[in-house]
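One structure is given below, encoded as structure tokens.
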Amino acid sequence: MALYLASPTGRYRNMQKGSNKLTVNGLVPGLTYRLFVIANYTLTKDQSKDQPLCEIQTMSSVIYYTTVGPLQAPKIRVVSVDMHQALLEWEPPTKMHENLTLKGYQIYVDNKPLGNLRNKDTRQMLINNMVPGKTLSVYVVAVTRQATLESNPSRVVHITCPRQPPNIVVAQQPSYRQGTVLISWERPKGHTFATNEEDISLYGVYVDGKWYGEVKSNSLGNKQGYQFILNDLNPEQSYDISVKAIAGYKRVDPDAQHVFCLSEGPMSNVINVMAPAAPKSPTLRLERLTPEGIDVTWQVPQQHGDATISGYQMLKNGRLYGSIIPPEVNSLSIRDISLGDKVTLQLIALTEHPVGKIDRRTEQLQKEADQEPSDVFVGERYAGCRPGAKLVVHYTGLVCPPSQVWCERVTGHSALIVWNKDDGPKSHFIRPESYHVTWWPGDKPEEDINSDSTT
């Protein structure tokens, strides 16, 4: 007996007697084949009956088999890159046999499976935690439910994480605008890279540990250094400023075979800065009224950044009074005043810093916004310095002092201090409620000063 396998080409393949398996090779994917088996039987001659030799042939049922072939490879591309990571995206196979069902996708990194099989609805994969200076090779295959059939691998995408840039040293530079801080740094030395895509592409500026802005790397900055201006800072608040160098580029070609993610260097030194601004003029406080005049005092106001106080200017009834007061002085006596006068005093804190000046256009815009003229110290040199709060003083109600003071009953250890009381009415003076006596040894009150009060 001999068995045969019939193919659509009409050719038969002879099978060895007794065999019931046959592997058919060379089938073309996508074609339908008609398969059946023909068995040939040979009957030997019965010599007793003198019968001739006889052959019998039988055929099995027909099986129709369509070859599927491997799935098409998914199309992979890089969507975006970021710090030590890259986002990959792929499209499912465009042609797939109707009897096949997609099960999912398997990601391979450096020819090794990355985790478990991804769901069939998954179209993206984030490759993160990349090591600076290393390159990963990534591809994806589609997997079917039928016999876990895998597609051909997608194209291989190489992702390189550039070497970590060196540390940066940042410094503060003088700023001449209110509410701004100027910082500078130089390109770090010792950064090595194989391609331009691995070079430093930008510098990130951080304020209080949070991203604030960036500076693009350029050839001029590489030679002469970089600067960055921080605007709209609150002069009354301090800020911690630092900078990082970042290698690699965010822009990617989705169809590129080799892409580069970003790699950040260590944080630079942290500098604490305050934005310069004209000092806020202090509020005057009435210290005393004396027959000689009015004594006022004030506290030194907060200084913003490097805009130090260079002096003070007093305004009396809206006009300049006296010369500029040195910055270490915090009191002033108003002498050219008569009893019964009412005066308005204001103090202006001055600074030689450029923020002490003001642009005329800015001043006009401020006036229009306020709908009223603002009190600004007249003069280009201190045009940005503004007066403090008004102190209105009525020069009256002075305590009537004794007209005479003398000693009585002087002994080796004591003396009686006597003074007269002027009980008569006197304009702009009031009667004292008590008297305060102070004494000391010698001609000048230098040490061992004593005092006492009467009721």
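Test T66 against the stated conditions and say whether it is in contact with a Phe, Trp or Tyr (Cβ under 8 Å, 6 or more places away or on another chain), hydroxyl-bearing (S, T, Y) and open to solvent by less than 60 Å² (accessible area, probe 1.4 Å). Write out each step before concluding.
Working: in contact with a Phe, Trp or Tyr (Cβ under 8 Å, 6 or more places away or on another chain): yes; hydroxyl-bearing (S, T, Y): yes; open to solvent by less than 60 Å² (accessible area, probe 1.4 Å): yes.
Considered against the rule, which asks whether it is in contact with a Phe, Trp or Tyr (Cβ under 8 Å, 6 or more places away or on another chain), hydroxyl-bearing (S, T, Y) and open to solvent by less than 60 Å² (accessible area, probe 1.4 Å), T66 comes out as yes.
Quick one: what pairs do we get from the stretch 297-317, first residue under 13 Å from C385 (Cβ atoms) and assigned to a loop (DSSP other than H, G, I, E, B), second at pLDDT below 90 and acidic (D, E), C-beta under 6 Å, 6+ apart or different chains?
Final answer for the pair search is S310/E352.
Only residues that are surrounded by 15 or more Cβ atoms within 10 Å (Cβ to Cβ) and either among the polar types (S, T, N, Q) or closer than 20 Å to L87 by Cβ (or both): list them for the stretch 97-116, please. Give the steps one after another, and end with the answer.
First, the residues of the stretch 97-116 that are surrounded by 15 or more Cβ atoms within 10 Å (Cβ to Cβ): 97, 100, 102-109, 114.
Within the stretch 97-116, G104, Y105, Q106, I107, Y108, V109, L114 meet the criteria.
Would you mind finding the one in G190, G293, G221, G248 that is of a type in the set (G, A, S) and open to solvent by 60 Å² or more (accessible area, probe 1.4 Å)? Reasoning before the result, please.
Numbers: G293 fails: open to solvent by 60 Å² or more (accessible area, probe 1.4 Å); G221 fails: open to solvent by 60 Å² or more (accessible area, probe 1.4 Å); G248 fails: open to solvent by 60 Å² or more (accessible area, probe 1.4 Å).
Unique residue meeting the criteria: G190.
Here is a check on your reading of the model: is P74 touching a residue at least 40 places away in the same chain (Cβ under 8 Å), of a type outside the set (K, R) and more than 10 Å from V140 (Cβ to Cβ)? Before the answer, list the steps.
Numbers: touching a residue at least 40 places away in the same chain (Cβ under 8 Å): yes; of a type outside the set (K, R): yes; more than 10 Å from V140 (Cβ to Cβ): no.
When the stated conditions are applied, P74 does not pass them.
Could you list, in sequence order, all residues of the stretch 323-343 that are more than 47 Å from the chain's Cα centre (by Cα), within 12 Å of V296 (Cα to Cα) and surrounded by 12 or more Cβ atoms within 10 Å (Cβ to Cβ)?
Once the filter is applied, which keeps residues that are more than 47 Å from the chain's Cα centre (by Cα), within 12 Å of V296 (Cα to Cα) and surrounded by 12 or more Cβ atoms within 10 Å (Cβ to Cβ), the stretch 323-343 yields L332, S333, I334.
Please note which strands (runs of 3 or more DSSP E) are completely contained in the stretch 1-82 and include at least 1 residues that are farther than 30 Å from V131 by Cβ and either at pLDDT below 65 or among the hydrophobic types (A, V, I, L, M, F, W, C) (or both). Talk me through it step by step, then tell me what you get.
Numbers: elements: 2-6, 12-15, 32-43, 54-59, 63-66, 75-82.
Those strands (runs of 3 or more DSSP E) span 2-6, 12-15, 32-43, 54-59, 63-66.
Being open to solvent by less than 90 Å² (accessible area, probe 1.4 Å), within 30 Å of Q346 (Cβ to Cβ), assigned to a strand (DSSP E or B) and in contact (Cβ under 8 Å) with a residue 12 or more places away in the chain is the requirement here; does V437 meet it? Outline the logic, then answer.
Working: open to solvent by less than 90 Å² (accessible area, probe 1.4 Å): yes; within 30 Å of Q346 (Cβ to Cβ): no; assigned to a strand (DSSP E or B): yes; in contact (Cβ under 8 Å) with a residue 12 or more places away in the chain: yes.
Criteria not met by V437.
Got a number for residues in the stretch 222-252 being closer than 20 Å to Q302 by Cα and under 18 Å from the mean Cα position of the chain (by Cα)? Steps first, answer last, please.
Taking the stretch 222-252 as the starting set, the residues that turn out to be closer than 20 Å to Q302 by Cα are 232-240.
Checking the rest, the ones that are also under 18 Å from the mean Cα position of the chain (by Cα) come to 232-234, 237-240.
Summing the residues that are closer than 20 Å to Q302 by Cα and under 18 Å from the mean Cα position of the chain (by Cα) in the stretch 222-252 gives 7.
All but one of (1) more than 30 Å from Q172 (Cα to Cα); (2) outside any loop (DSSP other than H, G, I, E, B); (3) open to solvent by 80 Å² or more (accessible area, probe 1.4 Å) hold for N272, so report the exception by its number.
Every condition holds for N272 apart from (1).
Which is β-branched (V, I, T), over 24 Å from I337 (Cα atoms) and touching a Phe, Trp or Tyr at 6+ places or on another chain (Cβ under 6 Å), of V418, V437?
V418
Determine which single condition T195 fails, assuming it passes every other condition in (1) buried (at least 16 other Cβ atoms within 10 Å of the Cβ); (2) polar (S, T, N, Q); (3) under 30 Å from S154 (Cβ atoms).
In the conditions (1) buried (at least 16 other Cβ atoms within 10 Å of the Cβ); (2) polar (S, T, N, Q); (3) under 30 Å from S154 (Cβ atoms), T195 misses (1) alone.
How many residues, within the stretch 119-147, are open to solvent by 50 Å² or more (accessible area, probe 1.4 Å), over 34 Å from the mean Cα position of the chain (by Cα) and at negative phi? Show your work before the answer.
Filtering the stretch 119-147 for residues open to solvent by 50 Å² or more (accessible area, probe 1.4 Å) gives 119-121, 123-124, 126, 128-129, 131-132, 134-135, 145-147.
Then drop every residue that is not over 34 Å from the mean Cα position of the chain (by Cα), which leaves 119-121, 145-147.
Still in the list and also at negative phi: 119-121, 145-146.
Going through the stretch 119-147 one residue at a time, the tally reaches 5.
Just give me the residues in the stretch 83-96 being acidic (D, E) and open to solvent by 60 Å² or more (accessible area, probe 1.4 Å), in sequence order.
E91
Having 1 or more residues that are basic (K, R) and more than 30 Å from Q72 (Cβ to Cβ) is the bar; report the strands (runs of 3 or more DSSP E) wholly within the stretch 144-230 that clear it.
Working: elements: 157-160, 171-173, 181-185, 200-207, 210-216, 226-230.
Result: 210-216.
From the residues in the stretch 412-434 that are modelled with pLDDT of 85 or more and of a type in the set (V, I, T), which one is most open to solvent (accessible area, probe 1.4 Å)?
I417
The values are calculated or read from the model by the stated rules, or taken from the named source; none is laboratory data. Remember, predicted model here, so these are calculated numbers, not experimental data. Methodologically, a virtual Cβ is constructed for each residue, glycine included, from the backbone with ideal geometry; neighbour enumeration extends over all protein chains shown. Ligands, DNA and RNA are stripped out before the accessible areas are found, and what is left, the full protein with its side chains, is counted by its heavy atoms. Shrake-Rupley method; radii C 1.70, N 1.55, O 1.52, S 1.80 Å.
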